[in-house]
Amino acid sequence: MMLSRLDLDALQQQLAGTPLQDWAAGLPGQLDAKLAVGHGDLERWFAAVAALPTLPVEHAELREALRLEGTCDDATRAALNSALQGLIPWRKGPFELFGVHIDTEWRSDWKWSRVAPHLDLAGKRILDVGCGNGYYMWRMLGAGAEAVVGVDPNWLFLNQFLAVKNYLPDAAAWHLPLALEELPAKLEGFDTVFSMGVLYHRRSPIDHLLDLKDTLLRGGELVLETLVVEGDAQQVLVPEDRYAMMRNVWFLPSVPALELWLRRAGFVDVRCVDVSTTSVEEQRATDWMRFQSLPDFLDPADHSRTVEGLPAPTRAVLLARKP
């Protein structure tokens, strides 16, 4: 049942004749093994997806937003809203589904509007590492990508993706509940790889960059988005304990340091295309994500600092090419 929802047959057909063909052939067995371990809430999340009402998509907007439109009466919309709330918390978005507005913790559309102008995704085969619920995957398709594969081991995020895929079953987007480390070495099959909001969670950031490079074809492009600090090429912040109340934050480099890391990892044409400080309007608690969020992680008297007294979250987007 689970594998049919992931539509691995269509993924295998999509990747036939590419360097990813053998990997795709082995995915059913790998995902069966993951599913055998599963998660305590998995059946509840599957049930929420199964409860989604059948609705015809009369218009799908993926380029300028993520919005599905079609005829939907009030009772059906209430059933849709109830099923989608069964997948709370929603972190990346927002989504507009048949008149239901999912007001997610992150205004991910703001980040996408900063990243997208610097990219040419038309006809590209893309890997999105740490893809979350797949919000950016849909926007990549809207930007003209040929196919998008996302990997993220979080089962809730997978089900949030499946909620949208339920209404766009033929879309060339697949979310796999895997970590980057569970992909074969030297895949070398993607035109573009995204790593957004992942690097600072890695204990070994250079290894992460090397792993990302190994997924790319020659000439392929890396899109890297991560937390940064101000400073020269030798400036890197290593939090003593927590950063913005997160335990698993290891390295926050300056932009010049990050550029140096990328060059040391073998990338060329390294360039920074955006640096933005995250505002409390861009990341905050909502009815769809009711836990603590950025306003709780900042010094209430000085939003330029975290509660730990460290520089407030600033994020950079860098592009680099595999030679």
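The values are calculated or read from the model by the stated rules, or taken from the named source; none is laboratory data. Treat the numbers as computed from the prediction; the structure is a model and nothing was measured. Virtual Cβ from ideal backbone geometry, glycine too; neighbours counted across all protein chains shown. All accessible areas refer to the heavy atoms of the entire protein, side chains included, with ligands and DNA or RNA removed. Shrake-Rupley method; radii C 1.70, N 1.55, O 1.52, S 1.80 Å.
Legend: helices of the chain (whole DSSP H runs) are marked when their alpha-carbon atoms reach 20 angstrom or more along the helix axis and their mean Kyte-Doolittle hydropathy is at least -0.5; marked are 21-37. For residue 220, the amide hydrogen comes within under 5 Å of the amide hydrogens of 322, counting only partners 5 or more places away or on other chains and with H modelled in the peptide plane. Heavy-atom accessible area with a 1.4 Å probe sorts 263, 284, 271, largest first, into 263, 271, 284. If you sort 88, 126 by accessible surface, 1.4 Å probe, largest first, the order is 88, 126.
Comparing 190, 138, 172 along the charge dipole axis of the stretch 52-191, the residue lying farthest to the positive side is 190, per the Cβ-charge model. Charged side chains reduced to their Cβ positions (Lys and Arg at +1, Asp and Glu at -1) give the chain a dipole of some 480 debye around its Cα centre. For the stretch 128-231, what ratio Rg/Rh do Cα atoms give with a Kirkwood hydrodynamic radius? The Rg/Rh ratio comes out at 0.97. Solvent-accessible surface of protein heavy atoms, probed at 1.4 angstrom with all chains present, puts 276, 204, 113 in the order 113, 204, 276, largest first.
With the convex hull drawn around the C-alpha atoms of the stretch 100-162, the volume per residue stands at 95 Å³. The slack in the chain from residue 10 to residue 35, taken as 0.36 nm per residue of separation less the alpha-carbon distance, amounts to 7.0 nm. Taking 0.36 nm per residue of separation and subtracting the Cα-Cα distance, full extension of the segment from residue 280 to residue 116 would add 56.8 nm. Taken as Cα centroids, the stretch 151-184 and the stretch 31-54 sit 12 Å apart, rounded to the nearest whole angstrom.
Within the accessible surface of the chain, defined with a 1.4 Å probe on protein heavy atoms only, the carbon and sulfur portion equals 49 percent. Going by a ≥ b ≥ c, the root eigenvalues of the Cα gyration tensor, does the stretch 220-323 fall in the rounded group (a/c under 1.5), the prolate group (a/b larger than b/c) or the oblate group? The shape class here is prolate. Both the radius of gyration and Dmax for the stretch 263-323 are 16.1, 47 Å, in that order, over alpha-carbon atoms. Annotation: Cα Rg of the chain relative to the compact-globule expectation 2.2 N^0.38 Å equals 0.99.
Between residue 303 and residue 242, the distance separating the two model label sites (each 7 Å from Cα on the Cα→Cβ line) works out to 2.1 nm.
For residue 124, the aspartates and glutamates whose Cα falls under 13 Å of its own Cα, not counting residues fewer than eight places away in the same chain, are 146, 191, 221.
Is it possible to state the helix-based mean residue ellipticity at 222 nm for the chain, with each DSSP H run of 4+ residues giving -39500 (n - 2.57), the sum divided by total residues, to the nearest 500 deg cm²/dmol? What is it?
-9000 deg cm²/dmol
In the context of the full set of protein chains, the stretch 148-209 has a per residue accessible area of 30 Å² (1.4 Å probe). Just going by the charge dipole of the stretch 1-113, with Lys and Arg at +1 and Asp and Glu at -1 on Cβ, which of 89, 4, 45 is farthest out on the positive end? Result: 89, furthest along the dipole toward the positive end.
Which FRET efficiency value, to the nearest 0.05, do you get for residue 314 and residue 44 by plugging their Cβ-Cβ distance into 1/(1 + (r/R0)^6) with R0 = 51 Å?
On the way: r = 37 Å, r/R0 = 0.73.
So, using R0 = 51 Å, E works out to roughly 0.85.
Pairs spanning more than 27 Å between alpha-carbon atoms, out of 34/92; 34/111; 92/213: 34/111. Note: relative contact order over the chain, using C-alpha pairs below 8 Å and six or more positions apart, is 15 percent.
By definition, a body whose alpha carbon gyration tensor gives a ≥ b ≥ c is oblate when a/c is 1.5 or more and a/b is not larger than b/c, and the stretch 67-116 fits this oblate description. Ligands, DNA and RNA are left out, and with a 1.4 angstrom probe the accessible area of the stretch 20-109 is 48 Å² per residue. Taken one residue at a time, the phi angles of the stretch 228-245 give Karplus couplings (6.51, -1.76, 1.60, θ = phi - 60°) of 9, 10, 6, x, 8, 5, 9, 8, 9, 8, 10, x, 5, 9, 9, 10, 6, 6 Hz. Gly and Pro are set to x. In this label model, residue 76 and residue 203 are separated by 5.1 nm, measuring between points 7 Å along each Cα→Cβ vector.
Scaled against 2.2 N^0.38 Å for its residue count N, the alpha carbon radius of gyration of the stretch 2-104 is 1.31.
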